[in-house]
Amino acid sequence: MESSVRPSDLEMLRKEADEYVSAKEAAPLPRIGISANRRDGLSCIAEPYCQAVLLAGGAPLLVPVMTGVGALAAVVDTLDGLILSGGGDMDPAFLAEEPAPGLDGVDAFRDAFDFLLLRLAFVRQIPVLGICRGHQVINVAFGGTIYQDIHAQFSAAALPHSQTEPRHCATHTVTLADIPSKLRAIVPGKNEWAVNSLHHQAVKDVAPGFVATATAADGVNEGIELPEYPLFGVQWHPEQMAAAGDEEMLSVFRFHVRQAAVFARARRLHDRILTIDAHTDAPMVYAGDFDLGVRTGGTFNPPFFESKVNLPLMELGRLDAACMVAYIPQGERTDAACRQAWDYAQERLSQLVRQERLHPSRVGIARTPDDLLRLKREGKKAIVLGVENGYAIGKDLRRLTALKRQGVSYMTLCHNGANDLCDSALGEPEWGGLSPFGKEAVHEMNRLGLLIDVSHAAETTFYDVLKESRAPVIASHSSVRALCNHPRNLTDDQIRALAAKGGVVHICLYTGFIRENSGETGCPEATLSDALRHIRHAVRLVGVNHVGIGSDFDGGGELIGCRAANELIQITVRLLEEGYSDEDLRKILGGNLLRVMQESVISG
């Protein structure tokens, strides 16, 4: 990209602008926002930041210093990537500290701007690169600390981190940590980088969940990142050396621009296709009346107090539809207990339907496959009604008709423990698969066009359902047992059998179904990378026509790298990076479930 001065020829500039046709570009240039510095009432930035972005193939946009959240959000919504630039010291009040003697002049207004800008970008999963001050801002924003003055507070003799040599000249080295990291991915095989620094504040305690990726010779932190997320920072100033042609420093910007380009492609794809999360338990985290239009706390057991699926999060993550289930834990099977389970399911379903009345311009209940497509066209989010655990119908087939009339799209036959329909994957077997009543229920669900969900079902139940059902069936939230040996997951033979009947397995994001022993004391939590292994395995086994995503958010589902509905777009980004096509992702992210829903209705 050119950034040189043009001749003073107005006609030539008009002609060049008029002849440029953006359609000739393979894709629009990624829009990289650069947070402005603030000096003497001016929002400004050193030109090398812009030059580095241009050389890396991006389009730089200066984000002026402001703290109006609405205006900032409007700007952030236009960005594909963000660079938090360097500059002055941070106000220690943001860390609840008193000023150190060596503290330079601070600007709390710019601090607030940077923190707001970072938060707005992060909740949208926009790739972020922090440079010098921006690196420190990231650390403080996520709970880390900084040295207000390295030379006064650092425990050892520190290098002269504020150097007087020309900014484009390397003045010291940083050593990369011996762990997989973005910095190591940028220049594979490189252990040390020659860099240039200009700072006297630095990261002290690395924020929880982050890892240190580089240090200076004196031990001062020079790099951090949040694993599984497009978020990292460097303490040095790569923009000056990159603008001067240093290939290693330019590679930092090229990496960031590539991340931004993939994110932009993912966002455009979500605008075109229908995306559906096949299983969430949103109603379970609330008691009584609730409002999905706001991000509000729930009442479920720790650590799941905050809902992970609501309209703001769906809007941030460009998720079109979520299957929200009335979950009923397995209880006694007396007539009274079954009636209580039915009444509870009715109350939870009514609360979901109420959302359509609360927010008619934002959400609708998708009672049919056509409703899903209509709501997408109207720019509204869709709630697909489901029931988790056939215990809700007790021993009364007429309740299936009632569910269908209410607009319920699928029912999970059981949960943990046998019920009057079938045996479960967990608990003692009772029927050896489907009960006689369960077989009647499968036939009736086929007649009504109710989709059958075999997640939680015992293997015997699973194969009985495939034998009895005329329509394709789904596993709304089950993962691959070959990769995580849990009875809730499906074997390779089950996945093949499900696909042979036209069904879909939706990979679950529950940590215990993704990596064995994860979440136990001393064992790391499963990650999005682990879940992608399950997706790849299932696709290799049966192809992209029979794989989907069922997060189990609000039912315990969440992974490092994908913790809520706004972060589901990370799956799109990662699969695009792995070479999956737009058509592949159209199917995996919702098209396969839509097809099965359509076929289920036809079969009825």
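The values are calculated or read from the model by the stated rules, or taken from the named source; none is laboratory data. Keep in mind that this is a model prediction, so the values were computed, not measured. Using ideal geometry, Cβ is built from the backbone for each residue, glycine included, and neighbour counts are taken over all protein chains shown. Please note that ligands, DNA and RNA were not included when accessible areas were found on the heavy atoms of the full protein model with its side chains. Shrake-Rupley method; radii C 1.70, N 1.55, O 1.52, S 1.80 Å.
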query: By what distance, in whole Å, do the Cα atoms of region 472-520 stretch along each of the three principal axes, largest value first?
result: 36, 17, 12
- prompt: When the convex hull of the Cα atoms of region 419-464 is projected onto a plane and the area is averaged over all directions, what value comes out in nm²?
  reply: 2.9 nm²
task: Taking the Cβ of ALA121 as the centre, find all other residues whose Cβ is under 14 Å away and add up their charges (Lys, Arg: +1; Asp, Glu: -1).
output: 0
Among VAL252, ALA538, SER518 the positive-end extreme of the charge dipole of the chain (Cβ point charges): ALA538
task: Would you mind getting the accessible area per residue of region 552-594, heavy atoms of the protein chains only, 1.4 Å probe, in Å²?
output: 24 Å²
- prompt: What does the helix-only formula give at 222 nm for the chain: each DSSP H stretch with n ≥ 4 adding -39500 (n - 2.57), the total divided by the residues, and the result rounded to the nearest 500 deg cm²/dmol?
  reply: -11000 deg cm²/dmol
query: Long-range amide H contacts for GLY130: which residues qualify at under 5 Å (H placed 1.01 Å from N, peptide plane, sequence gap of 5 or more or a different chain)?
result: LEU84, PHE232, GLY233, VAL234
query: Ignoring ligands, DNA and RNA, what percent of the 1.4 Å accessible area of the chain is carbon and sulfur?
result: 53 percent
query: Length gain on complete extension for the stretch ALA194 to GLU428, per 0.36 nm per residue less the alpha carbon to alpha carbon distance?
result: 77.9 nm
message: Restricted to Cα positions, what overall size does region 417-568 have along the principal axes? Three whole-Å values, descending.
response: 44, 33, 27
query: Whole-Hz Karplus ³J(HN,Hα) for region 378-386, in order, using 6.51 cos²θ - 1.76 cosθ + 1.60 and θ = phi - 60°, x for Gly and Pro?
result: 7, x, 9, 7, 10, 10, 9, 7, x
Kirkwood hydrodynamic radius over Cα pairs of region 333-462, then Stokes diffusion coefficient at 20 °C and 1.002 mPa s, in µm²/s: 139 µm²/s
task: List, largest first, the extents of the alpha carbons of region 52-133 along their principal axes, each in whole Å.
output: 42, 30, 19
message: How much accessible area per residue does region 232-273 have, counting only protein heavy atoms and a probe of 1.4 Å, in square angstrom?
response: 31 Å²
message: Taking 30 Å as R0, compute the FRET efficiency from the Cβ-Cβ separation of LEU42 and ALA212 and round it to 0.05.
response: 0.30
- prompt: If one computes the Cα centroid of region 334-395 and of region 69-87, what distance in Å separates the two points?
  reply: 37 Å
field: Karplus 3J(HN,Hα) series, Hz, for region 412-419 with 6.51 cos²θ - 1.76 cosθ + 1.60 (x for Gly, Pro)
entry: 7, 4, 8, 10, 8, x, 5, 10
query: Do any GluC sites (Glu not before Pro) in region 396-456 lie in a loop, going by DSSP, with at most 15 other beta-carbon atoms within 10 Å of their beta carbon, and if so which?
result: GLU430
- line: Given a 1.4 Å probe, the accessible area of region 59-179 per residue, as a whole number of Å², is 39 Å²
query: If we restrict to alpha carbons, what Rg and Dmax does region 38-194 come to, in Å?
result: 16.7, 45
message: Could you tell me the relative contact order of region 337-413? Use alpha-carbon pairs under 8 Å, at least six residues apart, and round to a whole percent.
response: 33 percent
task: Output the direction-averaged projected area (hull surface divided by four) of the convex hull of the alpha-carbon atoms of region 483-552, in nm².
output: 4.4 nm²
statement: In whole percent, the Cα-Cα distances of the chain spread across 20 Å bins from 0 upward as 19, 46, 27, 7, 0
- prompt: Considering only DSSP states other than H, G, I, E and B, which GluC sites (Glu not before Pro) in region 478-563 qualify as loop sites with at most 11 other Cβ atoms within 10 Å?
  reply: GLU520
query: Got a sec to turn the phi values of region 276-293 into Karplus ³J(HN,Hα) couplings, 6.51 cos²θ - 1.76 cosθ + 1.60 with θ = phi - 60°, whole Hz, x for Gly and Pro?
result: 9, 8, 6, 7, 9, 10, 3, x, 6, 8, 10, 10, x, 5, 9, 10, 6, x
field: Global geometry of region 218-283, whether rounded, prolate or oblate, following the gyration tensor of its Cα atoms and the 1.5 cut on a/c
entry: oblate
- line: Scan of the chain for chymotrypsin sites (Phe, Trp or Tyr not before Pro) in DSSP loops with at most 12 other beta-carbon atoms within 10 Å gives a longest site-free stretch of 306-604
- prompt: What GluC sites (Glu not before Pro) does region 351-397 have in DSSP loop regions with at most 13 other beta carbons within 10 Å?
  reply: GLU378
statement: Residues whose modelled amide H sits under 5 Å from the amide H of VAL384, counting only those 5 or more places away in sequence or on another chain, are ALA322, CYS323, MET324, ALA366
task: With all distinct Cα pairs included, what does the Kirkwood hydrodynamic radius of region 107-259 come out to in Å, to one decimal, could you say?
output: 15.6 Å
- prompt: What does the convex hull of the Cα atoms come to per residue for region 447-502, in Å³?
  reply: 72 Å³
